[in-house]
Amino acid sequence: MPSAETFRGYFRLMRPGNTIAAGFLTFVGAFVAAGPQADFRAVVFAVFATACATGGGNAINDYFDRNIDAINRPDRPIPSGAVSPRGAAVFSVALFAGATVTALQLPLLAIAIAVVNLGALVAYTELFKGMPGVGNALVGYLTGSAFLFGGAAVSDASGAVVLFGLATVATFAREVVKDVEDIDGDRTEGLRTLPIVVGERTSLRLGAASLLVGVAASIVPIINGTFGWLYAVGIVPANGVMLWAMWRSFENPAIGQRYLKLGMFVAAGAFFFDRFVIAL
């Protein structure tokens, strides 16, 4: 029988913080698209499918990255010996299967998004992670698409398009910062990440430019009246946190990427609470 340490290792493989966060983003996308009238069953299925897919993606990423993690993240489940590489691969397949079965209960557009995302999750590490900027953009899309998936599960994805865009560019910037943080292990494995190819500071400038586009776009819902004063109250500090985090990344990438993630979730909260107040 597997030990308690092994069970903890499998749990950590999912990166529960990221998994829960992805489920929350899907929930926000559904709520922004349909409000409290959203089909509860569809929301639950969408959140569960997202959580399973995210957990599976994290597990398969750790499987493929086990040699890099031995340098950059030796405490992770595979390099630490808590979980075997084969166990991680099997666990990932089981989670992807759960995501697939659940997603098939949703409307066609949601199924289409799920199919694309599952394929991208599996292909990311082996095909795209080492391609300068491409892997970063793919992770940005996958994060932002959680909002689209939530919207598609309950009505249509159009109501979550701004959220999708902001999350995509903010995540792209964060992934660039993470690549700067992980440059030693990536170089050892022969990967051609953006910082390795064009340099650390140039990469960070590209991330900052991407983030500035997202921050500018986040003001559009205020201008066109799609979202109201509560959104404005929330999005301004969220943008401030993300801009500060990007600036801080030039000195300390580890701190910068953590606060970029925090700012993105504050932004998601601004969308959610604006819609929540309107529904009252």
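Distance between the 7 Å Cα→Cβ label points at ASP156 and ILE223: 2.3 nm. In this label model, ALA70 and LEU109 are separated by 4.7 nm, measuring between points 7 Å along each Cα→Cβ vector.
If R0 equals 22 Å, the separation of the Cβ atoms of PHE250 and MET131 corresponds to a calculated FRET efficiency of about 0.40.
Give me ILE78, ILE71, ILE196 sorted ascending by neighbouring Cβ count inside 10 Å, so fewest comes first.
On the way: ILE78 23, ILE71 15, ILE196 18.
Lowest count first: ILE71, ILE196, ILE78.
Estimated at 0.36 nm per residue, the fully extended path between VAL116 and ILE20 surpasses their Cα-Cα distance by 32.5 nm. Per-residue extension of 0.36 nm, minus the Cα-Cα distance of THR202 and LEU262, leaves a gain of 19.2 nm for this segment.
Neighbour counting of Cβ atoms within 10 Å sorts the residues GLU181, GLU189, GLU5, GLU175, fewest neighbours leading, into GLU5, GLU189, GLU181, GLU175.
Counting pairwise Cα distances across the chain, what percent come out greater than 25 angstrom? Of all Cα-Cα pairs in the chain, 47 percent lie more than 25 Å apart.
Taken along the Cα-to-beta-carbon direction at a fixed 7 Å, the label points for LEU243 and GLN37 span 3.7 nm.
Each residue in LYS261, LYS178 was given a count of other beta-carbon atoms within 10 angstrom of its own, and listing them fewest first yields LYS261, LYS178.
Under the definition of Cα pairs under 8 Å and six or more residues apart, what whole-number percent is the relative contact order of the chain?
20
I'd like the FRET efficiency for GLU189 and VAL44, computed as 1/(1 + (r/R0)^6) with the beta carbon distance as r and R0 of 51 Å, rounded to 0.05. All intermediate terms of the calculation are to be shown ahead of the outcome.
Working: r = 39 Å, r/R0 = 0.77.
Efficiency, rounded to the nearest 0.05: 0.85.
Values in this text are rule-based calculations from the coordinates and carry no lab data. Bear in mind the structure is a predicted one, so any value in this text is a computation, not a measurement. Every residue, glycine among them, receives a Cβ derived from its backbone with ideal geometry; neighbour counts consider all protein chains shown.
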